[in-house]
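First the structure, in the form of structure tokens, and then the observations on it.
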Amino acid sequence: MTIETSVLERYSAGAQSVQADLCCPVDYDRSLLALLPQEIIDKDYGCGDPSRYVKAGDVVLDLGSGSGKICYIAAQLVGDTGRVIGVDMNDDMLALARQYQAEMAEKLGSDRVTFLKGQIQDLAADWAALNTYLAQHPVSSTEDLLSLRAWQSQQRQTAPLIKDNSVDLVVSNCVLNLVHDSDKAQLIREIFRVVKPGGRVAISDIISDERVPAHLQQDPHLWSGCISGALQEHDFLQAFIKAGFIAVSYDKWESQPWQVVEGIEFRAATITAIKPAGNVCTDKGHAVLYRGPYSEVYDDEGHVYYRGQRMAVCERNYQLLTSGAYGSDFIGISPAQEQPGKPWDCATGTLRPVSATKNGVHEDKCPPGGSCC
Ligand SMILES: C[S@@+](CC[C@H](N)C(=O)[O-])C[C@H]1O[C@@H](n2cnc3c(N)ncnc32)[C@H](O)[C@@H]1O
């Protein structure tokens, strides 16, 4: 049995009856569960609660939406100006989630949730459209195969399942580990492609403390049980950084392992990250001051911030560092006077002279311990 067929079979069974060994205890917000049908709550195979990061008005994409629980919770949080899309490759799970769509639309006051069939590592490919094509054009020769490939390429370009830069928040609950290792980098690139510049991700998943050895990875039951496909805790973060995300962090990290196999600890964690809001970095004289407690910190783009110093930043980074993505670690200091803006050409680690960030007449002197910009 391949990993893919084992994942399909395991979650088809999970759609039909509750599979206790696939459950990992999660504390959801009870007030948001109140609206959900009991079957959706019972057929929960998540390991965290990424819906906590949903904001009103968001377009939310849930990868591996299963019974639809996170989608229906998110639908309450996005309100009537937002939208929620769940993607899953399993027909039985999609049928379960869609079974309650009309009931939930009535309770919510609008039909703001859609479930789509696709593989999360290829969010351009529309599997429902592919099924229709295959029904009309069965593949029985190499020529048919070439026609299919041409159709797929056209479909991806003209009608992708999920468009580029179209989602405010990508969430996922216990699914990335199920994707074959050879597809994991593509999966995270796909997440990057569909998130809007400045958009966010919040992914709950199972991670391991050590890399999982090949003999465990080849066990289809351990794989489909959300264990042996888990990324090692450092590799998981690095995969998002490599794809171009910034502010990548563990927001939740369960100290108690969910399972221990051959001494390797598997635990639930939630990471959050941001897609940078474009590459235009304009210098308008902004500064940020890092509060501490560390003597210096680096961001995912290699900029250094010294504790207690007015660090020169471009307007884009100023917005990012003071937006809440970094908690309250940075104090934003606006330029003393509105400046027209020039292309950013300061080296990382340059300071802003105090005079540039306060009103009045002051000597344009660089503070001790650094070069100024
Ligand atoms: C562990 S369950 C989690 C379901 C749901 N997120 C929850 O919180 O209950 C994994 C789900 O991801 C789906 N899935 C697994 N691999 C997938 C893939 N490569 N593409 C799309 N869906 C996938 C499965 O069909 C299943 O519904």
Acute angle (nearest 10 degrees) that the helix 3-16 long axis makes with the longest principal axis of the chain, alpha-carbon atoms: 80
Among DSSP beta bridges whose residues both lie in the chain, state the antiparallel percentage, nearest 5. 55
Rounded to the nearest 5, what % of the DSSP beta bridges within segment 184-302 are antiparallel ones? 90
Show me 241-250, 329-338 ranked by packing, highest mean number of other Cβ atoms within 10 Å first. 241-250, 329-338
Spatial separation of Cα centroids for segment 3-32 and segment 173-215, in angstrom: 18
What is the Cα centroid distance between segment 286-326 and segment 97-117, reported in whole angstrom? 42
Where does the chain land at 222 nm, in deg cm²/dmol rounded to the nearest 500, when only DSSP H runs of n ≥ 4 count, each adding -39500 (n - 2.57), divided by all residues? -9000 deg cm²/dmol
Dipole size in debye (nearest 20) for the chain around its Cα centre, Lys and Arg Cβ +1, Asp and Glu Cβ -1? 1320
Using a cut-off of under 11 Å, list every residue of segment 73-88 whose amide N is near the label point 7 Å from the Cα of Lys107 along the Cα-to-beta-carbon line. 73, 76
Determine, for each peptide in 71-77, 227-233, the mean count of other beta carbons within 10 angstrom over its residues, then list the peptides with the highest first. 71-77, 227-233
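Based only on Cα atoms, what mean projected area does the convex hull of segment 133-251 have, in nm²?
Across all orientations, segment 133-251 yields a mean hull projection of 9.7 nm².
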Gln218-Ser31 pseudo-label distance in nm [points 7 Å out on the Cα-to-Cβ vector]: 5.2
So what is log10(I(q)/I(0)) for segment 282-357 at q = 0.23, 0.25 1/Å, when the Debye sum runs over its Cα atoms only? -1.07, -1.27
Can you tell me which of 127-134, 184-191 comes out highest on packing, and rank the rest after it, using the mean Cβ neighbours within 10 Å? 184-191, 127-134
In nanometres, what is the gap between the two model label sites at Glu262 and Glu296, each 7 Å from Cα along Cα-to-Cβ? 4.2
How many percent of the alpha carbon pairs in the chain exceed a separation of 27 Å? 55
So for the pair Glu338, Ala277, with labels modelled 7 Å out along Cα→Cβ, what separation do we get in nm? 1.8
Report the full-extension gain for the segment Ile241 to Asp91: residue separation times 0.36 nm, less the Cα-Cα distance, to one decimal in nm. 50.7 nm
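The numbers here are math on the coordinates, done by the rules we state, and not lab data. Note that this is a predicted model, so its numbers are computed, not measured. For neighbour counting, all protein chains shown are included, and Cβ atoms are generated from backbone atoms with ideal geometry for every residue, glycine included.
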